[in-house]
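Values quoted throughout were computed directly from the atomic coordinates according to the rules given, and no laboratory measurement underlies them. Remember, it's a predicted structure, so these values are computed and weren't measured experimentally. Here the Cβ positions follow ideal geometry from the backbone for every residue, glycine too, while neighbour counts run over all protein chains shown.
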Amino acid sequence: MEKNKIEPFKPGEKWKIIFLDVDGVICLGKDGYSGFNTEALENLRKIIEKTNARIVISSSWRCGDLEKTKEQFPQWLREFIIDETIRYYNYVKSPLRVFRGNEIETWIHDHLDYPWKAWEELDELYQTLKPDGSFKKMNSNRVGQDYTYVILDDDNDMLYFQKDWFVNTSTMEGLDKQKTEECIQILNRI
């Protein structure tokens, strides 16, 4: 899979990411998944405004091409979508189910924990050198210190250690006011 060309966050900036599922979050079962729910979209806008977060699409709406994925969303929302997670089932030839939490964890690992993996221009910033100036190791970021995230999904196929960052919506209610406030609290912890 070709890496999407997205800009890294600026050094020292606290990174805030919303991993966004669509159906059951901003397109609701009561709407027959036929369109975006106005209230849920406004709640998403509120989260972005109060946290300065960016969005990574983790939904089945991913196309494998960021620009095509963005075209499916309202114009105002497109500027906040920076990437999409990998779709493991395209690569794994196994009858075993791949959990969405694994796809999200891969994105976190490659873009947040070790951002120099996604953006080699950050190599110098993350290097630790020995007293003689030679390379010692690459540093990493830490959740709750350098970045935070929230997973918004109506399914619960996340990893156990993601539970503190997971907001589970109802397929019929989606992103309501209570879930919106939970997301804001999680993202504003740092």
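Using the scaling law 2.2 N^0.38 Å as the reference, what is the normalised Cα Rg of the chain? List each step's numbers first, then the result.
On the way: Rg = 17.3 Å, N = 190, 2.2 N^0.38 = 16.2 Å.
The value comes to 1.07.
Could you check how many percent of all C-alpha pairs in the stretch 127-185 are farther apart than 17 Å? Don't skip to the end; give the middle numbers.
On the way: 957 of 1711 pairs.
Here the tail beyond 17 Å accounts for 56 percent of pairs.
List every residue whose amide H lies under 5 Å from the amide H of Ile17, counting only residues 5 or more places away in sequence or on a different chain, with H placed 1.01 Å from N in the peptide plane.
Residues meeting the criterion, in which the H sits 1.01 Å from N, are Arg54, Thr148, Tyr149, Val150.
Using DSSP to define loop residues, name the GluC sites (Glu not before Pro) in the stretch 24-83 whose beta-carbon has at most 14 other beta-carbon atoms within 10 Å. Kindly include the intermediate steps, with their values, before the conclusion.
Values: sites: Glu39, Glu42, Glu49, Glu67, Glu71, Glu79; in loops: Glu79.
Those satisfying the criteria are Glu79.
Which links in Lys70/Lys177; Lys68/Lys117; Lys50/Lys130; Lys14/Lys68 stretch past 31 Å when you go from one Cα to the other?
Numbers: Lys70/Lys177 25 Å; Lys68/Lys117 24 Å; Lys50/Lys130 41 Å; Lys14/Lys68 28 Å.
Lys50/Lys130, as the Cα separations exceed 31 Å there.
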